[in-house]
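Shown next, in structure tokens, is the structure this report addresses.
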């Protein structure tokens with residue numbers, strides 16, 4: 001009887017491990033099959049799924065000096081006219097400066113946007129965000145943080 005019980009326990013453990021391995025393999029497969037946002041399709045209708053609000057991603061700050069930084073972002077308008085702006089704040093402040101862009105963007109494809117922010121203070125930590133608004137609503141991207149260099 002003990003031998004049969006041990007075999008039963010071994011069988012249950014083997015089945016559990018097999019299911020965990022199968023679940024792990026499925027998760028890995030799902031990650032490998034991710035597609036870019038603009039090509040995701042509805043498997044039931046073969047049509048492209050788009051959100052109504054614009055999609056914004058702030059890629060980061062580059063070319064940082066003691067007094068300026070270049071902010072780079074991507075915006076997907078989702079077929080509606082979109083106004084885009086960057087907001088900037090010192091990390092130790094609650095006040096945000098708005099930096100409007102002169103262009104209006106539209107269409108389905110992502111648009112790369114850069115803006116040079118000038119007159120920054122040396123050795124200062126800043127927060128930056130990108131925002132976009134269309135007739136459906138407003139989207140706020142995640143904040144990034146950067147620090148200006150020491151003055152020469």
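Test residue 89 against the stated conditions and say whether it is surrounded by 15 or more Cβ atoms within 10 Å (Cβ to Cβ) and touching a helix residue (DSSP H, G or I) at 6+ places or on another chain (Cβ under 7 Å). No, not satisfied. The set of residues in segment 121-145 that are buried (at least 19 other Cβ atoms within 10 Å of the Cβ) and closer than 17 Å to residue 70 by Cβ comprises 126, 128, 129, 130, 141.
Here, each number is a calculation from the coordinates, and none is a lab measurement. This one's a predicted model, so the numbers in the text were calculated from it and none came from an experiment. Don't worry about glycine lacking a Cβ; one is built from the backbone with ideal geometry, like all the others, and counts go over all protein chains shown.
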